[in-house]
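Take a look at the structure below.
The values are calculated or read from the model by the stated rules, or taken from the named source; none is laboratory data. This structure is a prediction, so every number in the text was calculated from the model and none was measured. Don't worry about glycine lacking a Cβ; one is built from the backbone with ideal geometry, like all the others, and counts go over all protein chains shown.
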Amino acid sequence: MYWNSFVETMPAKDLKDLQERKLKALVNYVYEYSPFYRKRFKEAGIHPSEFKGLSDLSKLPFTKKQDLRDNYPTGMFAVPLSHVVRFHASSGTTGKPTVVGYTQNDLEVWVESLARSLVACGVGREDVMQIAYGYGLFTGGLGFHYAGERIGAAVIPISAGNTARQIELMKDLKTTVIACTPSYMLYLTEQAEKMGVDITSDTHLRMGIFGAEPWSEETRKRIENKTGIDAYDVYGTSELSGPLFTECTEKQGIHIWGDHFLVEVIDPETGEQVGEGEKGELVVTTLSKEALPLVRWRTGDITILEEEKCACGRTHPRIMRILGRADDMIIVRGVNVFPSQIEHVLMQIPEIGEHYMIILDRAESGLDEMTIQVELSENAKIDTTTDILNLEREIAERLKSVLNVWAKIEVVNPGTLQRFEGKAKRVIDRRKI
Ligand SMILES: [Zn+2]
């Protein structure tokens with residue numbers, strides 16, 4: 001089932017040709033209409049007349065969040081404000097918010113992209129979609145709203161919060177699809193239980209589209225097992241237009257619509273593109289946006305790119321589940337390691353509690369050493385020193401197979417490690433002291 005089968009299944013070569021043409025047009029467009037990019041390109045020695053297309057992509061400068069902040073609110077727009085029909089803005093919890101403007105055509109590309117995605121994960125005309133993402137300056141609510149209407153689903157614009165009402169309407173209007181954050185879905189399920197409502201048997205809910213915060217495969221399994229629904233991952237950032245891309249029913253990565261967005265994965269340290277199948281920072285170039293076109297936008301999100309054709313028949317590239325933020329990356333003996341990967345391995349081991357600490361040191365030999373302290377779970381049945389040593393060895397081996405680097409494991413008693421209110425700080429880097 002496709003929304004736009006011609007585009008979604010076009011041969012990879014035709015898609016590349018299209019990207020080639022659109023990338024050249026973009027470089028011309030921003031040089032002509034964006035004083036910001038004209039200056040940037042001149043500094044980098046780039047002129048549209050000499051730009052060869054995809055093979056020259058890596059010569060283009062990156063665009064970062066700081067650029068949007070420095071040009072707050074509309075200094076990076078490439079159209080006069082009379083062409084803008086909507087604004088969205090990020091919350092700005094760390095510094096100035098970032099403002100994104102949309103022309104009529106920008107909104108059209110956004111709706112079309114998410115409409116394709118909704119159909120790809122199995123939403124259709126018969127569905128009732130409860131949109132429990134926030135409506136307003138945040139892009140989640142309105143993004144899903146218009147895409148849901150576009151494909152002919154019935155939308156319930158309930159927005160975030162008011163959980164009792166959510167559950168009541170879910171029953172009464174026979175909601176089949178919910179869109180919200182994964183953590184809100186877990187909360188809603190818990191509240192429903194307290195109200196005596198079993199999502200599996202008392203509602204028509206069959207699937208959910210979850211995003212706007214990082215979540216793991218373990219959380220997907222937990223949601224699916226508790227509620228009996230299918231859980232899908234969605235990706236988008238406010239700077240690119242909010243929610244745009246989801247997994248297809250294969251659940252093997254998120255399809256990025258290559259006719260509108262050009263993706264690369266780079267090493268966040270060096271800025272070089274990484275090899276096939278390697279993880280790195282997702283960089284996106286908008287190929288269709290008019291009001292706020294972005295050249296090589298650094299999303300800060302760590303993922304893996306998959307360009308093989310998907311079993312669903314779509315030829316557009318996929319990104320794997322977001323592994324974390326580039327800012328969180330640590331380098332141990334030249335290997336990029338994300339705390340989220342370590343957490344992922346630890347949480348699969350039943351004897352281990354949920355608290356851990358990563359400590360980095362530099363030995364006298366000059367080599368990095370990583371120590372991971374983990375707490376035993378309260379109900380782990382382990383009492384001999386031999387058991388502890390065996391457990392430590394097992395954890396070290398499991399981590400080595402995922403991270404490609406050895407860590408020294410120290411299993412400690414429950415309640416030993418520091419607790420955090422708010423954002424946990426789980427990495428202590430003593431190499432810089
Ligand atoms: Zn697919």
Those residues of the stretch 233-261 which are more than 16 Å from the ligand (Cβ to nearest atom) and either of a type in the set (Ser, Thr, Tyr) or over 22 Å from His88 (Cα atoms) (or both) amount to Thr237, Ser238, Ser241
Restricting the stretch 326-342 to residues that are in contact with a strand residue (DSSP E or B) (Cβ under 7 Å, 6 or more places away or on another chain) and either closer than 13 Å to Glu218 by Cβ or in a helix (DSSP H, G or I) (or both), the one modelled with the highest pLDDT turns out to be Ile342
Output for Cβ contacts, cut-off 6 Å, separation at least six or different chains, first residue closer than 19 Å to Leu188 by Cβ in the stretch 127-148, second of a type in the set (Lys, Arg), reads Val128/Lys174
The condition of being over 18 Å from Leu360 (Cα atoms) and in a helix (DSSP H, G or I) holds, among Leu391, Leu399, only for Leu391
In the set Ile209, Ile223, the lone residue that is among the aliphatic types (A, V, I, L, M), modelled with pLDDT under 95 and either under 16 Å from Ala132 (Cβ atoms) or more than 16 Å from the ligand (Cβ to nearest atom) (or both) is Ile223
Scanning the stretch 125-184 residue by residue, the ones that are under 20 Å from Ser201 (Cβ atoms), in contact with a strand residue (DSSP E or B) (Cβ under 9 Å, 6 or more places away or on another chain) and not β-branched (Val, Ile, Thr) total 7
By my count, helices (runs of 4 or more DSSP H) wholly in the stretch 1-62 with at least 2 residues that are more than 30 Å from the chain's Cα centre (by Cα) and surrounded by fewer than 14 Cβ atoms within 10 Å (Cβ to Cβ) are 35-43
- request: Determine, yes or no, whether Met76 is farther than 25 Å from Leu282 by Cβ and of a type outside the set (Asp, Glu).
  value: no
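One residue is enough: does the stretch 195-203 have a residue meeting the conditions touching a residue at least 60 places away in the same chain (Cβ under 8 Å), farther than 19 Å from Gly324 by Cβ and not hydroxyl-bearing (Ser, Thr, Tyr)?
Within the stretch 195-203 (the criterion being touching a residue at least 60 places away in the same chain (Cβ under 8 Å), farther than 19 Å from Gly324 by Cβ and not hydroxyl-bearing (Ser, Thr, Tyr)), the answer is no, since none of the residues qualifies.
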Among Leu287, Leu305, Leu294, the single one that is at pLDDT 95 or above and either over 24 Å from Ala25 (Cα atoms) or of a type in the set (Phe, Trp, Tyr) (or both) is Leu305
Asp230 vs (1) within 16 Å of the ligand (Cβ to nearest atom); (2) crowded, with 22+ Cβ neighbours inside 10 Å: all pass except (2)
Counting only residues that are modelled with pLDDT of 95 or more and surrounded by fewer than 17 Cβ atoms within 10 Å (Cβ to Cβ), the stretch 155-168 contains a total of 4
Filtering the stretch 77-103 down to residues that are assigned to a loop (DSSP other than H, G, I, E, B), of a type in the set (A, V, I, L, M) and closer than 18 Å to Gly242 by Cα yields Val84, Val85
Restricting the stretch 309-335 to residues that are of a type in the set (Val, Ile, Thr) and within 16 Å of the ligand (Cβ to nearest atom), the one surrounded by the most Cβ atoms within 10 Å (Cβ to Cβ) turns out to be Ile319
Taking first residues from the stretch 307-321 that are closer than 16 Å to Val7 by Cβ and second residues anywhere that are near the ligand (Cβ under 9 Å from one of its atoms) and modelled with pLDDT under 95, the pairs with Cβ under 9 Å that are 6 or more apart or on different chains are Thr315/Lys309
If we ask which residues in the stretch 283-308 are of a type in the set (Gly, Ala, Ser) and either within 16 Å of the ligand (Cβ to nearest atom) or under 22 Å from Glu272 (Cβ atoms) (or both), their number turns out to be 1
Restricting the stretch 96-110 to residues that are of a type outside the set (Phe, Trp, Tyr) and either within 16 Å of the ligand (Cβ to nearest atom) or buried (at least 21 other Cβ atoms within 10 Å of the Cβ) (or both), the one nearest to Thr203 (Cα to Cα) turns out to be Val109
- Task: With the condition kept exactly as written, say whether any residue in the stretch 262-275 is within 16 Å of the ligand (Cβ to nearest atom), under 23 Å from Ser55 (Cα atoms), modelled with pLDDT of 95 or more and in contact with a strand residue (DSSP E or B) (Cβ under 8 Å, 6 or more places away or on another chain).
- Result: yes
Over the stretch 98-147, the set of residues out of contact with any Phe, Trp or Tyr (no Cβ under 9 Å at 6 or more places or on another chain) and farther than 21 Å from Gly258 by Cα is Val123, Gly124, Arg125, Glu126, Asp127, Val128, Gln130, Gly134, Tyr135, Gly136, Phe138
The correct count of residues that are of a type outside the set (Val, Ile, Thr) and either in a loop (DSSP other than H, G, I, E, B) or closer than 23 Å to Val85 by Cα (or both) in the stretch 229-267 is 20
When the stretch 271-290 is checked residue by residue, the ones that are among the basic types (Lys, Arg) and in a strand (DSSP E or B) are Lys279
(message) Condition first: away from the ligand (no atom under 16 Å from the Cβ), on the phi > 0 side of the Ramachandran plot and either under 18 Å from the mean Cα position of the chain (by Cα) or buried (at least 21 other Cβ atoms within 10 Å of the Cβ) (or both). Can you find one or more residues in the stretch 181-197 that meet it?
(response) no
